[in-house]
1. Please report, in debye to the nearest 20, how large the charge dipole of the stretch 9-191 is about its Cα centre when each Lys and Arg carries +1 at its beta carbon and each Asp and Glu carries -1 there.
2. For n ≥ 4 DSSP H runs only, could you compute -39500 (n - 2.57) per run for the chain, divide by its residues and tell me the 222 nm figure to the nearest 500?
3. Loop only by DSSP, 14 or fewer other Cβ within 10 Å of the Cβ. Give me the trypsin sites (Lys or Arg not before Pro) in the stretch 109-169 that pass, ordered by residue number.
4. How far, in nm, would the chain grow between T16 and H94 when pulled straight, counting 0.36 nm per residue and subtracting the alpha carbon separation?
5. Note down the net charge around Q120, summing +1 for each Lys or Arg and -1 for each Asp or Glu among other residues with Cβ under 11 Å from its Cβ.
6. With a 10 Å cut-off between alpha carbons and a GNM built on the chain, which of D75, D102, D145 moves the most?
7. Going by C-beta contacts inside 10 Å, put E128, E26 in order with the fewest on the left.
8. Taking semi-axes √(5λ) of the Cα gyration tensor in Å as the quantity of interest, determine which of [x] 43, 23, 16; [y] 31, 20, 15; [z] 23, 21, 16 was computed from the displayed structure.
Amino acid sequence: MKRIFPTTARFVGAFTDRVPASTLPEVVFAGRSNVGKSSAINLIVGQAIARTSSTPGRTQSINVFDIADRLRLVDLPGYGYAKVSKSMREDWKHLIGGYLTDRTTIKLVLALMDARREPQDLDRALLEQLGALGLPVLGLATKVDDLPKPKRNSTVAALAAAHGLPADAVIPFSATEKIGLEEAREAIAWAIADG
């Protein structure tokens, strides 16, 4: 299989309404605010294309990146941030739901979950929605570098079980220590291999 990353990438746009159609395969990053979506994208691509922030709720649009004219990475707004207004949360819900429902080019959704936290109802709701839509999902258990090494694998396995996912459907991930980087890159390559 041909290697994709690291590679060149460009920002396509930030969309607060409808995301324009594309013929390229798409890989989607979804998860709670401050779970590390932008950091994961930057690490996987090998360049700082997604804006990172220590302030939760910074991504307020669907951000799309073109990866070497071979695929698109799509960064969804983070959910679960209490300081965002109720109306904005509703707007995001409709924006995200409409995007996920209407796209035929989505090849993989990377569902990011904070490995340091107990299983979250909002994460479970996202996974149920993705399952109902028949979208392929791989979980990334982020920030595992903050866990003691002997507890990392068991914590990730427990997280997968709590969300009804097979143990191999959630990989330990750390943008800081590059844990899970090659596994994530390989999953993306496999997902888009058929076009």
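Read-outs throughout are calculated quantities, based only on the coordinates presented, and are distinct from any laboratory measurement. Small disclaimer: the values here were computed from a predicted structure and weren't measured. Here Cβ is always computed from backbone atoms with ideal geometry, including for glycine, and neighbour counts include all displayed protein chains.
1. Values: 23 positive and 20 negative charges, 78 e Å.
For this selection, approximately 380 debye.
2. Values: 5 runs with 63 residues, N = 195.
Theoretical 222 nm ellipticity from helices: -10000 deg cm²/dmol.
3. Details: sites: R116, R117, R124, K143, K151, R152; in loops: R116, R117, K143.
Answer by residue number: R116, R117.
4. Details: separation 78, 0.36 × 78 = 28.08 nm, distance 1.03 nm.
Result: 27.1 nm gained on full extension.
5. On the way: positive: R32, R117, R124; negative: D114, E118, D121, D123.
Local charge sum for Q120: -1.
6. D102
7. Working: E128 12, E26 21.
Placing the least packed residue first, the sequence is E128, E26.
8. [z]
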